[in-house]
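Step one of this worksheet: look at the structure below.
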């Protein structure tokens, strides 16, 4: 029995080492190939440059950074309120029969490939935007709406689990003091579960900022800074996917450096998630 425990510990340790080595190898590859390109281009020119013209050795990714922020912020505006309110409904209001249908549907929503979401946006959302606003239909608003739908399962599932994890004494005590059901949920239960709710939102943001295929199909992909939500933008992920196939030399290294910037964004989001979880613990 003792020998079996030792063997299992070794297996678990090896699995953990494989995971750590894989992450370290990815980080090493990106930083080794990305930093020389940033140094050659110039940190200021690379991060704050407004022109992306590889043929003229202009590699400014600021429009893509702004585009990623626009689209991610838009998805938060659409997805977070709907996701949290849906989680509240499922945790406290949903009838059992409806819950048995709604819960698997949300799980299915999480499993749909991003390319299918992209086709949905291209066939349904883009034509709707064309009719409503008389534009091409592809832009920040369309991409934000589509991403808002895509992050719903993450926010709903994490938020619902957090709400159900709150002790019933909070709910019952608030009702006993004369509070309405709605006030009890939003002023007592939601406050107690706020760390879990914030965690769900942060995970949703991570999903949104790292999404590629669906965004490419509906965002318009113009590498330019815009102030209109109806204009097209290009995100960091879209920039990499669109040009990596034919990129070479400094152009290729600049795309890898773009991945480094995206990695830093994701790292910041994960750090925020860890801090929230630690505070909750």
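Laboratory data are not the source of any read-out in this text; all were calculated from the coordinates shown. Treat the numbers as computed from the prediction; the structure is a model and nothing was measured. Methodologically, a virtual Cβ is constructed for each residue, glycine included, from the backbone with ideal geometry; neighbour enumeration extends over all protein chains shown.
Scanning segment 249-281 for residues that are in contact with a helix residue (DSSP H, G or I) (Cβ under 9 Å, 6 or more places away or on another chain) and at positive phi returns no hits.
Going by the conditions given, is residue 79 touching a strand residue (DSSP E or B) at 6+ places or on another chain (Cβ under 6 Å) and surrounded by 15 or more Cβ atoms within 10 Å (Cβ to Cβ)? It is false that residue 79 is touching a strand residue (DSSP E or B) at 6+ places or on another chain (Cβ under 6 Å) and surrounded by 15 or more Cβ atoms within 10 Å (Cβ to Cβ). The residues of segment 35-50 that are on the phi < 0 side of the Ramachandran plot and without any contact (Cβ under 8 Å) to a residue 12 or more places away in the chain, listed by number, are 39, 43, 44. Among the residues making up segment 112-138, a single one is under 21 Å from residue 204 (Cβ atoms), surrounded by 15 or more Cβ atoms within 10 Å (Cβ to Cβ) and out of contact with any helix residue (DSSP H, G or I) (no Cβ under 6 Å at 6 or more places or on another chain): 120. I'd like to check something: does segment 254-264 contain any residue that is closer than 24 Å to residue 83 by Cα, in contact (Cβ under 8 Å) with a residue 12 or more places away in the chain and surrounded by fewer than 21 Cβ atoms within 10 Å (Cβ to Cβ)? The answer is no; no qualifying residue exists. All conditions in (1) farther than 30 Å from residue 163 by Cβ; (2) surrounded by fewer than 20 Cβ atoms within 10 Å (Cβ to Cβ); (3) within 28 Å of the chain's Cα centre (by Cα) hold for residue 85, with the sole exception of (1).
Applying the condition of being part of a helix (DSSP H, G or I) and without any contact (Cβ under 8 Å) to a residue 40 or more places away in the chain to segment 172-185 and asking which residue is surrounded by the most Cβ atoms within 10 Å (Cβ to Cβ) yields 184.
Within segment 66-75, being surrounded by fewer than 20 Cβ atoms within 10 Å (Cβ to Cβ) and in contact (Cβ under 8 Å) with a residue 12 or more places away in the chain holds for 66, 73.
Of the helices (runs of 4 or more DSSP H) contained entirely in segment 110-160, those carrying at least 3 residues that are in contact (Cβ under 8 Å) with a residue 12 or more places away in the chain and closer than 20 Å to residue 83 by Cβ fall at 114-120, 140-150.
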